[in-house]
Amino acid sequence: MIRTKSMLTEEEIRSSLTSVLRDGITTQIMLILTGGIFLISYTLDLGGNNVIIGLIVAIPSITQLIQIPGIMFVERFRNRRKITVFAAGLSRLFLLPIAFIPFIPFDIRIPVLLIIISLHYGVGAIGNCSWDSWMKDLIPTEHLGRFFSRRMTYAVAFGIIVSFFTGLMIDYWQAYIPDQKLIIYSFLYIIGFIVGIIGVLIVSTIYEPSMTISTGKPRIRKLLRAPLNDTNFRLLLLFLIPWNFAINLAAPFFVVYMINILQIDLFLIVIFQIFAQITNIIFFRIWGNIIDKYSNKSVLLIVCPLFLTGIIIWVFTTASNFLLTLIILVLIHLILGISSAGINLATLNIGLKLAPKGSATSYLAVRNILIAIAAGFAPLVAGILADLLVGVKFPFINYLDVIFIIATFLGVIPLIILARVQEFGEVKESTVLLEVITQMKNYFRLLPVSAGVRQMTHLPSTILRNNNSSKSKNKHRT
């Protein structure tokens with residue numbers, strides 16, 4: 001395995017950035033095959049109820065609390081590549097036992113699934129802690145928006161293909177082999193495991209800049225207290241915590257809503273998700289350019305209210321005929337696709353940007369831990385509330401609509417706090433909207449696939465050229 005180096009060459013950075021892009025693809029494929037829609041569908045077919053769905057969705061967030069000891073592990077061991085590779089490899093090994101759950105007695109299937117999922121995400125949380133700090137030091141700050149927009153674009157593009165054929169395969173299998181309908185999930189998890197291990201091998205080729213020299217023995221209380229004592233970063237946390245609680249009340253139950261309330265086939269649900277992902281691809285680039293030109297906060301003040309609009313519109317999907325329901329679902333997934341692209345990019349980048357160099361491990365781990373508590377607690381609350389409300393009669397709405405309404409109102413509150421966060425490059429929302437229109441015009445003008453592929457392929461070297469030119473300018477200044 002490659003050692004850490006105090007200074008990386010151009011070629012080492014270029015190859016590392018390429019590997020980060022490739023890892024994004026393998027990770028996305030693994031997550032699609034073993035999580036999201038297909039994990040929820042698998043859980044429902046295994047006999048899970050709303051509370052179990054809430055718990056399944058909450059586990060990835062709750063297990064992020066393991067990042068607390070992970071901070072100390074990273075600070076003392078100080079080799080983030082080895083930690084990431086070991087944790088990711090061990091975490092992905094737990095995907096294999098999930099493939100064999102259909103072959104064990106019915107009564108213990110759900111408990112076994114919960115235990116293995118917890119181990120999978122729990123071990124992976126340690127790797128996440130070291131990965132975030134590693135990427136902070138590897139990727140030039142001024143290009144974070146564009147780089148991660150390309151990484152997400154690659155990942156989502158491949159994810160669309162995988163989602164389409166996987167959804168088609170599950171519907172076909174369960175239609176023609178209904179007495180063995182769970183076996184198809186075994187194949188998904190075996191393939192997901194193989195792809196995940198390939199991703200670990202790719203990560204092992206990424207070079208790591210050496211961590212800054214530690215002064216004294218690191219203490220967990222001091223490391224955890226540092227981001228909380230930073231006024232601006234504390235405001236960011238005060239936005240992210242209630243925001244993630246609000247959206248995670250609703251988002252995990254979008255698929256449940258379509259399966260149980262609207263009774264839509266899984267393949268059609270996958271088509272809606274693919275539509276949202278195509279929208280993601282278009283707007284990853286747009287939001288990434290705007291983030292690098294202005295700020296993450298300016299984008300968040302646009303996309304967060306838009307995402308809340310997408311949540312509240314679910315209430316209207318059952319108040320009409322099926323054709324109108326489909327049209328409303330298209331609108332919802334369009335809105336969620338546009339807004340989630342901006343939210344995913346901006347919330348990732350703003351944490352990386354505001355975390356001081358040299359202290360990124362503790363800052364980003366504290367962010368992840370507090371978000372995890374909120375995002376993990378929310379679906380549990382929503383699942384319990386859904387089971388309590390499932391038999392209650394409401395005029396014009398159903399029990400999941402009530403949860404979506406509550407989530408929308410709760411999501412407005414953190415936006416007031418976001419307005420107080422300070423970030424260099426902030427502009428008014430009207431400026432961002434005008435820039436979105438300009439970026440969309442430019443995007444559709446350059447729509448041919450060859451141009452997009454050429455630009456994405458040359459991204460790492462472009463970053464290097466820009467980064468090196470900025471360094472040379474700084475040298476001339478000094």
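Using helices alone, what [θ] at 222 nm do you get for the chain, with -39,500 (n - 2.57) per DSSP H run of 4 or more residues, divided over all residues and rounded to the nearest 500?
-26000 deg cm²/dmol
Tally Lys/Arg at +1 and Asp/Glu at -1 over every other residue whose Cβ is under 13 Å from the Cβ of residue 188; what's the total?
Its environment carries a net charge of 0.
If you stretched the chain out fully between residue 437 and residue 219, how much longer would it get, using 0.36 nm times the residue separation minus the C-alpha to C-alpha distance?
73.6 nm
Relative to the longest principal axis of the chain, what angle (0 to 90°, nearest 10) does the C-alpha long axis of helix 10-34 take?
10 degrees
What is the distance in Å between the Cα centroid of the stretch 113-131 and that of the stretch 263-296?
Each part reduced to its Cα centre gives a spacing of 26 Å.
Using a ≥ b ≥ c from the Cα gyration tensor of the stretch 184-260 (square roots of the eigenvalues), is it rounded, prolate or oblate, where a/c under 1.5 gives rounded and otherwise the larger of a/b and b/c decides, a/b for prolate?
Here the stretch 184-260 falls in the oblate category.
Does the stretch 83-225 classify as rounded, prolate or oblate by the C-alpha gyration tensor (a ≥ b ≥ c root eigenvalues; a/c under 1.5 gives rounded; else a/b over b/c gives prolate, otherwise oblate)?
oblate
What percent does the relative contact order of the chain come to when contacts are Cα pairs within less than 8 Å and at least six residues apart?
It comes to 27 percent, rounded to a whole number.
Could you give the dipole magnitude of the chain about its Cα centre, charging the beta-carbon of Lys and Arg +1 and that of Asp and Glu -1, in debye to the nearest 20?
2120 debye
Quick check: from the Cα gyration tensor, does the stretch 376-450 come out rounded (a/c under 1.5), prolate or oblate?
Prolate shape, in that a/c is at least 1.5 and a/b is the bigger ratio.
Can you list the aspartates and glutamates whose alpha carbon is less than 13 Å from that of residue 393, not counting same-chain residues fewer than 8 positions off?
Qualifying aspartates and glutamates at Cα under 13 Å: 401.
Mind listing the long-range amide H neighbours of residue 208? Cut-off is under 5 Å, sequence gap 5 or more, other chains count too, H placed in the peptide plane at 1.01 Å from N.
For residue 208, the qualifying residues are 5.
To test your reading of the geometry: what angle, between 0 and 90 degrees and rounded to tens, separates the Cα axis of helix 429-445 from the longest principal axis of the chain?
80 degrees
Return the aspartates and glutamates within reach of residue 82: Cα separation strictly under 18 angstrom, same-chain partners fewer than 8 residues apart disregarded; answer none if there are no such residues.
Once the sequence-local aspartates and glutamates are set aside, what remains near residue 82 is 12, 23, 132, 137, 208.
Over the stretch 240-391, what number does the Rg to Rh ratio reach, with both radii from the alpha-carbon atoms and Rh per Kirkwood?
1.01
Stretched out fully, how many nm does the piece from residue 381 to residue 426 gain, at 0.36 nm a residue minus the Cα gap?
12.7 nm
Every number in this text was worked out from the coordinates using simple rules, so none of it is lab data. Here the structure is a predicted model, which means the values were calculated and not measured. Every residue, glycine as well, gets a Cβ built from its backbone with ideal geometry; the counts of neighbours run over all protein chains shown.
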